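In what follows, a single structure is set out as structure tokens and then discussed.
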């Protein structure tokens, strides 16, 4: 069924804003985590391989892995253009690998498909906002997994950590401290000698001086308004102002990062900060022997398959209650990269011999389809485990699941909510799927 056209970008931004509101509450209980000094740029080991290619006028690819702030046509687009302008003999290409409302806990799984297979020369990693509610331990596991996977694939890829901010992070920066998520990431940046830039240091300085308002309605002329307005929602910068500040921070930091190291070659991979890091996180294709009952593999020209093909090369649709996904794996964690949407149904999730859990594939935001992560287990004992996920016959009261403001959309488009289905894209595994053991 074709849903009415809506502005998916704005909807994802709204979702991200609401998710950030939730993580702020979560982070309050962990405010005792030691904060780093708010320094705009730590050059550390620099980016010698990227610099050498630029200096030689060669083609380079910059990958941008992050959330909705990076997905917006702001600092991502502007920074690529800036590098191209500074090095006109080089060809500067972009690998767009940002998904709104997601953190490093998904980024580490999709790294190979969305970034590494495209062979980047420089990787920007931006998850400080969407990791705001994650524990430092989880941040370390996921971010270290991203670094180690990258250098396992190609140790000559240079990496930068970049830290964005939302409104609730501003007091830390005004007090001269990095917020908790960035502080946790700095531990890894130190260990692996990865350059880092905190975009928020300049933002806080401009707010304190009265030159910038962090959150206010967008002025009619955003370019000339004084004081400037950073954002309208306290999260997503305006392209003309907030994103421009972010890009200017990169430009200001580039000379010291460029000159930090000139010796090219593979990066040294030290002993990990955490032995249980997620270096073994992987996105695994669903195979026919994992599927039970009625499934449909969506054609490439299907509107959802076409829309999500960059991140989900294959998309399977379950429409009947006898449909199930079943597999075994050797490892510690498993999830499914799937879609939430108006036609989502209820699932029965079974892990080993534990009690089954019911999980809905529609939530309060669902006036459209978006990518999601169906978590099954995280931190399970190392060993062989079995998973079965089946579509349930129960019909959900979808109107009451939606936020009140979204119920008008339901009333206008009730047929969009009639199906009870499940779209599964791939498995997310820390470990390995066990071949030939996908049924009991």
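Read-outs: derived from the displayed coordinates by stated rules, not from any lab. What you see is a predicted model, and the numbers here were worked out from it, not measured in a lab. In this analysis, Cβ positions are derived from the backbone assuming ideal geometry, glycine residues included, and neighbour counts consider all displayed protein chains.
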*Once both axes come from the Cα atoms, what is the angle between helix 136-153 and the longest principal axis of the chain, in degrees from 0 to 90, rounded to 10?*
80
_Max mean-square fluctuation residue, GNM over the chain, Cα-Cα springs under 10 Å, options 147, 387, 162_ = 387
_Label-point separation in nm, residue 273 to residue 137, each point 7 Å along Cα→Cβ_ = 1.5
*Rg(Cα) of the stretch 295-440 divided by 2.2 N^0.38 Å?*
1.08
*Kirkwood-Stokes translational diffusion coefficient of the stretch 367-413, alpha-carbon pairs, 10 °C, 1.306 mPa s, µm²/s*: 110
_Rounded tilt (10° steps) of 104-114 against the dominant C-alpha axis of the chain_ = 90
*Among 91, 194, 430, which one moves the most in a GNM of the chain with springs linking Cα atoms closer than 10 Å?*
91
*Over the residues of the stretch 130-237, compute the C-alpha Rg and express it relative to 2.2 N^0.38 Å.*
1.26
*Quarter of the Cα convex hull surface for the stretch 241-371, i.e. its orientation-mean projected area (nm²)*: 14.3
_Crossing angle, helix 75-86 versus the chain [Cα axis fit, 0-90 degrees, rounded to tens]_ = 40
*In nm, to one decimal, how far is the residue 378 label point from the residue 81 one, both placed 7 Å along Cα→Cβ?*
3.7
*Helix-only CD estimate at 222 nm, as mean residue ellipticity for the chain, using -39500 (n - 2.57) per DSSP H run (n ≥ 4)*: -9000 deg cm²/dmol
*Note down the nm distance, to one decimal, between modelled labels 7 Å out along Cα→Cβ at residue 307 and at residue 220.*
3.6
*Could you tell me which label, among (1) 21.1, 72; (2) 30.1, 114; (3) 22.2, 67, carries the value of Rg and Dmax of the Cα atoms in Å calculated for this structure?*
(3)
*Could you check which residue among 199, 410, 109 shows the biggest mean-square fluctuation in a GNM of the chain with a 10 Å Cα cutoff?*
410
_Give me the Å³ per residue figure for the convex hull around the C-alpha atoms of the stretch 190-308._
269
*Globularity ratio of the stretch 13-258, using Cα Rg and 2.2 N^0.38 Å*: 0.95
